[in-house]
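The values are calculated or read from the model by the stated rules, or taken from the named source; none is laboratory data. Since the structure is predicted, the reported quantities are computational estimates derived from the model, not experimental observations. Every residue, glycine as well, gets a Cβ built from its backbone with ideal geometry; the counts of neighbours run over all protein chains shown. Keep in mind that these areas ignore ligands, DNA and RNA; they rest on the heavy atoms of the full protein, side chains included. Shrake-Rupley method; radii C 1.70, N 1.55, O 1.52, S 1.80 Å.
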Number of protein chains: 2
Amino acid sequence: MTLELPTAPKLDDAALAARLQHRIDNKTKPLGALGRLEALALRLGLILGSESPALVAPQMLVCAGDHGLAARGVSAYPSDVTWQMVENFLAGGAAVSVLARQHGLALTVVDCGVRHDFAAAGAPQGGEAPLGGQRSVGANSSAPRDGLAIRKIAPGTADASVGPAMSAAQCEQAIANGIALVRELPGNALLLGEMGIGNTSAASLLLARLTGLDIDACTGSGTGLDADGVARKRRLLRDVLALHADAGTPLAALAAFGGFEIATLVGAVLQAAHEQRVIVVDGFIASTAVLVAQALRPHVVQRCVAAHESAEPGHRLLLDALGLDPLLRLDLRLGEGSGAALAWPLLESACAILREMASFESAGVSQRDNT
Amino acid sequence: MTLELPTAPKLDDAALAARLQHRIDNKTKPLGALGRLEALALRLGLILGSESPALVAPQMLVCAGDHGLAARGVSAYPSDVTWQMVENFLAGGAAVSVLARQHGLALTVVDCGVRHDFAAAGAPQGGEAPLGGQRSVGANSSAPRDGLAIRKIAPGTADASVGPAMSAAQCEQAIANGIALVRELPGNALLLGEMGIGNTSAASLLLARLTGLDIDACTGSGTGLDADGVARKRRLLRDVLALHADAGTPLAALAAFGGFEIATLVGAVLQAAHEQRVIVVDGFIASTAVLVAQALRPHVVQRCVAAHESAEPGHRLLLDALGLDPLLRLDLRLGEGSGAALAWPLLESACAILREMASFESAGVSQRDNT
């Protein structure tokens with residue numbers, strides 16, 4: 001590999017941790033009474049290196065790509081839904097569009113390898129100006145569109161059931177794209193989103209290979225396969241896993257199973273960790289990108305907040321492997337970054353508690369009885 | 001009882017429910033992929049009687065009162081913390097103050113029976129003008145303060161371990177106060193908050209009496225008693241329960257165990273249900289007010305959303321008794337309305353999904369394969 005991966009040194013400022021904990025414990029509430037919000041405040045303070053952390057210009061990065069394996073019937077939906085949903089993201093009608101708008105999250109959609117030419121599509125085409133304020137990165141297509149970045153490796157990965165989903169060079173390029181994308185984005189928080197018909201299969205394969213868990217446990221119904229469909233998917237994924245038995249390293253596994261959107265997210269996660277951004281992890285597929293990044297740089301996960309636990313059964317196993325405790329359990333299984341967006345206000349609350357809540361001393365409130 | 005309680009008729013518009021479900025199912029996402037957010041959207045649509053519900057001018061009502069039983073050592077904190085925290089709410093430094101500000105919730109603090117004279121207190125005293133916009137109701141004290149409503153029944157309830165916490169007339173007056181308070185508030189959503197040293201004891205007693213559950217299971221550490229303290233609290237509450245064995249009706253139990261803030265919240269819940277407002281239930285004590293209101297008017301709970309499940313063990317039992325599924329499980333045990341405020345953005349999201357998300361048809365996205 002010629003690409004130099006960003007480093008992510010261990011966060012180990014014990015003095016800052018002690019100051020943060022003292023600050024939290026002296027807020028006007030019984031010790032620990034804000035529960036997991038207190039642990040979240042501590043983590044955000046440590047990532048941002050501040051006793052009064054403030055989240056600035058949060059960026060929702062939705063990476064999209066198609067999967068050759070989708071032709072094998074692993075999804076309830078046709079591959080065309082990938083590009084159609086990208087158009088829906090851009091038009092503001094998808095769940096993540098609605099939620100990003102609600103919470104003031106800048107939304108950038110990335111064509112990492114969708115089987116569709118967005119520049120040629122019929123939708124209105126904007127100039128170089130971003131969506132609004134500091135929103136979106138410029139596209140490298142000849143006809144850029146607001147909020148869309150074209151970082152296309154190929155129109156979909158190859159079919160992983162007959163060979164590697166991508167070449168090593170393609171995998172490296174997608175990671176490099178993710179790194180470059182985050183470098184261009186403002187702010188100190190990155191929310192991960194993705195779209196790609198067939199990508200729960202890639203995620204299940206990566207989870208099984210990188211953790212050694214059985215592929216059946218890692219495989220679920222995705223967008224809504226019935227029981228027969230899940231059984232077929234499990235048989236197919238077992239065969240695909242066996243076909244790529246030699247893909248033992250994180251990068252080899254990523255190239256073998258795909259997809260372009262996951263590899264781009266791996267780069268984005270590595271760069272965000274390097275820059276000490278808060279990384280808000282969404283569902284099963286976005287978490288897989290963190291799993292790969294963590295395998296490459298073992299302190300990445302210190303910068304991560306798990307937004308939610310998906311209804312896709314592999315997600316809980318993946319979060320356990322990462323040691324992340326999800327904020328929400330709402331049986332979501334949509335992806336797109338929708339769960340990350342839903343959890344976002346909790347991160348804002350944790351920071352506001354640290355910044356704005358009074359201490360017992362400042363508010364003149366009595367401490368607990370010592371009797 | 002001379003007070004006429006507001007009615008809360010059954011919500012049973014099956015046609016609206018079907019239209020809402022159809023609308024949810026046709027949004028651009030796999031069927032059910034937004035999980036519990038979809039059930040929440042359905043509920044909010046039914047309460048507000050609309051396929052495109054919008055939450056307007058949400059009101060956080062924090063009711064405060066003191067408890068005679070607190071003198072028996074049932075709390076880790078002294079009773080003075082009640083009034084000190086009311087001052088903290090008004091000064092903007094408490095958790096609920098911070099969270100209400102974050103989410104644009106109008107905050108009204110009610111002195112339902114705090115052992116303190118707020119009008120005589122040293123804090124700066126405003127005129128009749130509300131905190132901002134449509135915030136707060138006017139106080140009936142001679143020297144009203146912004147954001148504070150004085151609806152004081154008495155300076156704390158009587159000690160329930162020697163007699164009823166309040167008289168039937170006091171209980172009725174507190175409920176009437178809650179009804180009148182909500183009548184004066186704008187908007188279509190009410191968030192419940194409370195403050196009162198000793199009030200987990202009242203809540204545990206009410207839960208045990210109204211559900212028949214054993215008092216030990218209903219009793220926890222409150223603001224942070226140690227194991228010995230919890231054991232003492234359990235013994236005391238068992239005795240108090242036995243002392244008021246004849247307090248069998250919801251109102252008799254409420255009068256026997258208190259407190260003024262819970263009774264005021266009962267009135268607020270009844271009036272909010274009557275007006276078809278969305279009621280956002282906070283933790284253990286606020287949920288107890290819903291339990292009493294539900295016992296008086298059996299369809300109240302249809303208008304309720306459970307914000308979270310508290311770390312106080314009785315709360316899960318109480319939510320189960322009400323048939324409510326909490327949105328958040330963050331091990332909160334603070335009260336004040338803090339959990340209701342934290343969950344609020346999820347209600348906004350559910351409404352935004354209904355109002356703003358595209359349908360498959362409008363977005364030109366393919367439906368699932370029928371193969």
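Structure data summary
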{"read-out": "Dipole magnitude of the protein assembly as shown, debye to nearest 20 (Cβ charges: Lys/Arg +1, Asp/Glu -1, about Cα centre)", "value": "120 debye"}
{"read-out": "For the stretch B:228-265 versus the stretch B:11-32, the gap between their alpha-carbon centres in whole angstrom", "value": "42 Å"}
{"read-out": "Considering only the protein assembly as shown, percent of DSSP beta bridges that pair antiparallel, nearest 5", "value": "10 percent"}
{"read-out": "Mean shadow area of the stretch A:19-114, taken as a quarter of the surface of its Cα convex hull (nm²)", "value": "9.1 nm²"}
{"read-out": "Between the stretch B:76-98 and the stretch B:328-371, the alpha-carbon center distance in angstrom", "value": "32 Å"}
{"read-out": "Estimated Rh, the protein assembly as shown: Kirkwood, alpha-carbon pairs, angstrom", "value": "26.9 Å"}
{"read-out": "Among B:ALA289, B:GLY258, B:HIS244 - extreme Cα towards positive end, dipole of the stretch B:188-289, charges at beta-carbon", "value": "B:HIS244"}
{"read-out": "Residue and distance (whole Å) for the chain B Cβ nearest the axis that superposes B on A", "value": "B:PRO345, 2"}
{"read-out": "Where A:GLU348, B:GLU261 fall by accessible area, highest first, once all protein chains stay in place (1.4 Å)", "value": "A:GLU348, B:GLU261"}
{"read-out": "Inter-copy spacing of B:GLY224 label points, which lie 7 Å from Cα along Cα→Cβ, given in nm from shortest upward", "value": "4.8"}
{"read-out": "Coarse-grained scattering of the stretch A:195-277 at q = 0.11, 0.18, 0.20, 0.24 Å⁻¹, given as base-10 log I(q)/I(0) from a Debye sum over alpha-carbon atoms", "value": "-0.32, -0.77, -0.90, -1.16"}
{"read-out": "Normalised contact order of chain B, rounded percent, pairs of Cα under 8 Å and 6 or more residues apart", "value": "24 percent"}
{"read-out": "Solvent accessible area, Å² - B:ILE353, 1.4 Å probe, full protein context", "value": "10 Å²"}
{"read-out": "Solvent-accessible area of B:LEU318 with every protein chain in place, 1.4 Å probe, in Å² to the nearest 10", "value": "0 Å²"}
{"read-out": "Per-selection Rg to Rh, chain B - Cα, Kirkwood hydrodynamic radius", "value": "1.00"}
{"read-out": "For chain B, share of DSSP beta bridges that run antiparallel, in % to the nearest 5", "value": "10 percent"}
{"read-out": "Pseudo-label separations to other copies for B:LEU243 - Cα-to-Cβ vector, 7 Å, nm", "value": "7.6"}
{"read-out": "Within 10 Å of each Cβ in A:353-361, the average number of Cβ atoms from other chains", "value": "4"}
{"read-out": "Gaussian network model of chain A, springs between alpha carbon atoms under 10 Å - residue of A:ALA286, A:ALA41, A:ALA352 with greatest fluctuation", "value": "A:ALA352"}
{"read-out": "Hydrodynamic radius (Kirkwood) for the stretch B:151-244, which is based on Cα pairs only, to one decimal in Å", "value": "15.1 Å"}
{"read-out": "Rg to Rh, two decimals, where the stretch A:221-371 supplies the alpha carbon set and Rh follows Kirkwood", "value": "1.12"}
{"read-out": "For chain A, built as a Gaussian network whose Cα springs stay under 10 Å, the top-fluctuating residue of A:GLY113, A:GLY198, A:GLY248", "value": "A:GLY248"}
{"read-out": "Gain upon complete extension [A:ALA119, A:SER52; 0.36 nm per residue less C-alpha separation]", "value": "19.8 nm"}
{"read-out": "Distances in nm from B:GLU275 to the matching label points in the other copies, shortest first (labels 7 Å along Cα to Cβ)", "value": "4.7"}
{"read-out": "Equivalent ellipsoid, the stretch B:74-123 (semi-axes from 5 times Cα gyration tensor eigenvalues, Å)", "value": "21, 14, 9"}
